[in-house]
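**Student:** Below is one structure. I have some questions about it.
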């Protein structure tokens, strides 16, 4: 009988690794280390040390684990197709939102909704992977949301307390709700479901094709 891993068991080690990267990122920013690795600008500026880069890696890891445990997608092609559709949905809707002449706060809310809708589309292609990506996203992003509230109160000068350009002045708690809690628990978790689903589905599709590839004549002893 094939052992079916739980979401908790699958995400435990990745969550610990992710928390470690978050802490290294914080230490690097507090000590003003290289901005290439630890960018302190709003949004992080694509710094090389960041948990965003772990999403595709762990997406593949989760997907292969699930597939080997007999929890693969009903259709590998459909799973990949809906992951791509989810990504496209998020890009198109986000692009439409940012073309509107709206206040930064409203834009943030609508952009989060756009990513969430894309995640719903991607999730439908492979629900088992979607659940694990969702659990991992929560484990990865809740600590960041808490860290952002602390950073905003302490005024550390890190990217964790900065809003996008043009973001209006407001109280710490309201600011945290808008650029901390909401994006961490909606936008970034949606991103995790979409990108994790995309790379994971692609990985099992490639693995499945390799497993079924014909063996060249003479290759077997």
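**Student:** Within the stretch 18-36, track down each residue that is in contact with a helix residue (DSSP H, G or I) (Cβ under 7 Å, 6 or more places away or on another chain) and either under 25 Å from residue 193 (Cα atoms) or at pLDDT below 90 (or both).
**Tutor:** Answer for the stretch 18-36, where residues must be in contact with a helix residue (DSSP H, G or I) (Cβ under 7 Å, 6 or more places away or on another chain) and either under 25 Å from residue 193 (Cα atoms) or at pLDDT below 90 (or both): 18, 19, 21, 22, 26.
**Student:** Among the numbered conditions (1) assigned to a helix (DSSP H, G or I); (2) closer than 18 Å to residue 147 by Cβ; (3) more than 18 Å from the chain's Cα centre (by Cα), tell me where residue 25 comes up short.
**Tutor:** (3)
**Student:** Right, next: Is it true that some residue in the stretch 35-46 is free of Cβ contacts under 8 Å to residues at least 40 places away in the same chain and either under 18 Å from the mean Cα position of the chain (by Cα) or in a helix (DSSP H, G or I) (or both)?
**Tutor:** yes
**Student:** How do the helices (runs of 4 or more DSSP H) wholly within the stretch 78-191 filter down when requiring 3 or more residues that are surrounded by 18 or more Cβ atoms within 10 Å (Cβ to Cβ) and in contact (Cβ under 8 Å) with a residue 40 or more places away in the chain: which remain?
**Tutor:** The helices (runs of 4 or more DSSP H) meeting that bar are 104-125, 127-154.
**Student:** Still on this model: Quick check on the stretch 37-53: of everything there that is surrounded by 19 or more Cβ atoms within 10 Å (Cβ to Cβ) and more than 16 Å from residue 148 (Cα to Cα), which residue is modelled with the highest pLDDT?
**Tutor:** Among those that are surrounded by 19 or more Cβ atoms within 10 Å (Cβ to Cβ) and more than 16 Å from residue 148 (Cα to Cα), it is 49.
**Student:** Name the residue that is nearest to the chain's Cα centre (by Cα), counting only residues in the stretch 148-169 that are farther than 18 Å from residue 188 by Cβ and at pLDDT below 90.
**Tutor:** 165
**Student:** Limited to the stretch 96-144, what total is found for residues that are touching a helix residue (DSSP H, G or I) at 6+ places or on another chain (Cβ under 8 Å) and closer than 23 Å to residue 15 by Cβ?
**Tutor:** Total satisfying the criteria: 24.
**Student:** Of (1) at pLDDT below 95; (2) not in a loop (DSSP other than H, G, I, E, B), residue 201 satisfies all except one. Which?
**Tutor:** For residue 201, the exception is condition (1).
**Student:** How many residues are loosely packed, with under 15 Cβ neighbours inside 10 Å and either within 15 Å of the chain's Cα centre (by Cα) or within 16 Å of residue 144 (Cα to Cα) (or both) if we restrict to the stretch 4-16?
**Tutor:** So the count comes out to 1.
**Student:** A follow-up question, please. Could you check the stretch 57-77 and list, in sequence order, the residues that are surrounded by fewer than 21 Cβ atoms within 10 Å (Cβ to Cβ) and closer than 16 Å to residue 134 by Cβ?
**Tutor:** Passing the criteria: 65, 71.
The values are calculated or read from the model by the stated rules, or taken from the named source; none is laboratory data. Since this is a predicted model, take the numbers as computed values, not measurements. As a convention, Cβ positions derive from the backbone with ideal geometry for all residues, glycine included, and neighbour counts pool all protein chains shown.
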